[in-house]
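Structure record follows, encoded as structure tokens.
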Amino acid sequence: MLLPVTTHPRASLRRVLEDLGPTLLDLVCGDVDGAVDIGGVAIHDPHDEPVPPPQALVLAVAVRGPEQIAGLLDSLGEHGAAGLVVRAPVAADERVTAAVRRSGVALLGLTRGASWAQLAAMLRSLIAEGDVGGSGQETLGGVSSGDLFALANAIGALLDAPVTIEDRSWRVLAFSGRQDEADSSRVETILGRQVPERFTRVLEERGVFQAMYRSDRPVYVEPLVEGDAGQLSLPRVALAVRAGDEILGSIWAAVHGPLSAERAQALRDAAKLVALHLLRLRAGADVERRLRADLVGTALEGGAGAAEAVARLGLAGQPGVVLALAVADRPDGDRSAARHARYVAERQRLADAFAMHLTAVHPRSASALVGDVVYGVVPVPAERPAPGGRADTESAGRTDAEERAARVADEFLERGGDRQELLVGVGPLARESAALPVSRAGADRALRVLRAGDGSRSVARINDVVVESLLLELADVIAERGDPPSGPVARLIAYDAAHHTCLVETLRAWLDAFGDVIAASAAVHVHPNTFRYRLRRLAEVGALDLTDADARFAAMLQLRLWPRTRRT
């Protein structure tokens, strides 16, 4: 099977090689001018029939050896594919060369050290349509809206130097051609799509970032000496990309010396155009994010529009589990606007990271920030119950699906580190999309239990915390009606308040220890004889029969609920 990565092309195979090669791709053999437009990007699966879209660029992840490559080329030629990418080095022997000629499919090699995920992401950025809504193609400064690769090439031509465009987190958004003329640090940056941390650390120590953010002119960066941050043998020129006072990203050029006044001005002018493209991309991303949040919210709420929302999310007819992710509540007296803005930004970054994690687990996952909670819907395969054991099979399938969802949440929290305390509630399995609101309600209840807990756990399935959830809901009812503790517990509370005793604490310890006086006395740090005396005293004061199971249950229930309902 050929799994589609992207469609809606707007680049030829020649354009792909000019922008990504030789940093990521090399032409092994074939005619790259044969395909006018790439008809899509697909990943080859050798265990299914290949059915690529016309003029597709096919990524053959596990294909090696001349015989396999030649066979795949012939197969792709029958479907009119434009090119085949295999892992370098590629031995282009007579069989491979003949297959390229017969099929008309160009053969390319992926540079060693680059991952297939990197290549797929770069190809998506390069050839996918960037416009949101509308069929017309918008241009900004003569360059298609959002086409940062074309813009990087244009800036590189103006400066006569290889260029990268990076975001505020030093991730590479696009790069120009001629990167082979730069040094090894630039190649490492592009392969990783991220400026190496050791490089950013040295630049920060040198004050380069501060100078770049304070100035609207290009900053010249001297080469780093051996031992500083690696093999940076060429100087850099860096310029911050701004929209008003906001920093959107930066442009970096590997040069041989300081820029002339004319080229420095050209770079400043180009930065304004880059800002327009970045704003356009961000606006499109914001629109898509809001649309997705609306669809997810509608699907989880249920109602008239839920079925259509589920269909647009690609979840129709698919069983799934809802996850609810939130930051643990923290008492904080800082209510400033700056603090709130940081909180909102961090919450959105958290939502984006969670969406990326779920998509890696299952491509059809849907996630969005709704209110203060990030909801994720993780599809699960529909189990096929065996004859005669349907109930047991369905129960096991439900448990397995919820356990897998909980493991997904655990993995996300482990990768997130200790920057903030995160909690994830896991709802029950929704066997059909119409049941997603029920799964969402369960996830919310589990999340509330975690928020009210002692912080000993970060992930909980609703089926594991049903009792705690019911206690919280019962506490809500008591608080709404204003019911105070009653009976023996009320008398003990009043007595402790009047005489500064600890009979309530004694009763709680005894009940928690199942009547074990030795364990209970140790828990409250008193002698067992003293504890026995207090136990007799609380039975007298509270008129509580400790031998009555119903009386013990009523007292235990009130003690569980009272801390949640009492007013300070």
**Item:** Qualifying positions in region 464-489 - free of Cβ contacts under 8 Å to residues at least 24 places away in the same chain and of a type in the set (A, V, I, L, M, F, W, C)
**Value:** V465, V466, V467, L470, V477
**Request:** Output yes when any residue across region 318-327 is surrounded by 12 or more Cβ atoms within 10 Å (Cβ to Cβ), at pLDDT below 85 and more than 26 Å from N463 (Cα to Cα), and no when none is.
**Result:** no
**Fill in**
V202 vs (1) at pLDDT 90 or above; (2) surrounded by 14 or more Cβ atoms within 10 Å (Cβ to Cβ): all pass except (1)
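Per-residue answers, yes or no, for (1) buried (at least 20 other Cβ atoms within 10 Å of the Cβ); (2) of a type in the set (A, V, I, L, M, F, W, C):
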| site | (1), (2) |
| --- | --- |
| L413 | no, yes |
| A452 | no, yes |
| V459 | yes, yes |
| A475 | no, yes |
| G482 | no, no |
| P485 | yes, no |
**Asked** Restricting attention to region 411-442, which residues are closer than 17 Å to S365 by Cβ, at pLDDT 90 or above and under 16 Å from the mean Cα position of the chain (by Cα)?
**Response** V424
**Complete:** Every listed condition ((1) at pLDDT 85 or above; (2) surrounded by 14 or more Cβ atoms within 10 Å (Cβ to Cβ); (3) touching a Ser or Thr at 6+ places or on another chain (Cβ under 9 Å)) holds for E301 save (3)
**Request:** May I ask you to list pairs of residues, at least six apart or on different chains, whose Cβ atoms are under 8 Å apart, with the first in region 93-107 being under 16 Å from L59 (Cα atoms) and touching a residue at least 60 places away in the same chain (Cβ under 8 Å) and the second being surrounded by fewer than 24 Cβ atoms within 10 Å (Cβ to Cβ) and acidic (D, E)?
**Result:** A106/D31
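Please go through region 153-169 and pick out each residue that is surrounded by fewer than 20 Cβ atoms within 10 Å (Cβ to Cβ) and either more than 17 Å from P218 (Cβ to Cβ) or touching a helix residue (DSSP H, G or I) at 6+ places or on another chain (Cβ under 7 Å) (or both).
L158, D167, R168, S169
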**Item:** Selection count, region 186-202, where residues are in a helix (DSSP H, G or I) and out of contact with any strand residue (DSSP E or B) (no Cβ under 9 Å at 6 or more places or on another chain)
**Value:** 9
**Message:** Being part of a helix (DSSP H, G or I), outside the structural domain of V361 (by TED's automatic domain parsing), under 28 Å from L546 (Cβ atoms) and of a type in the set (V, I, T) narrows it down to one residue among V467, V489; which is it?
**Reply:** V489
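The values are calculated or read from the model by the stated rules, or taken from the named source; none is laboratory data. From a predicted model like this one, the values you see are computed outputs, not experimental measurements. Note that each Cβ is placed from the backbone with ideal geometry, even for glycine, and that neighbours are counted across all protein chains shown.
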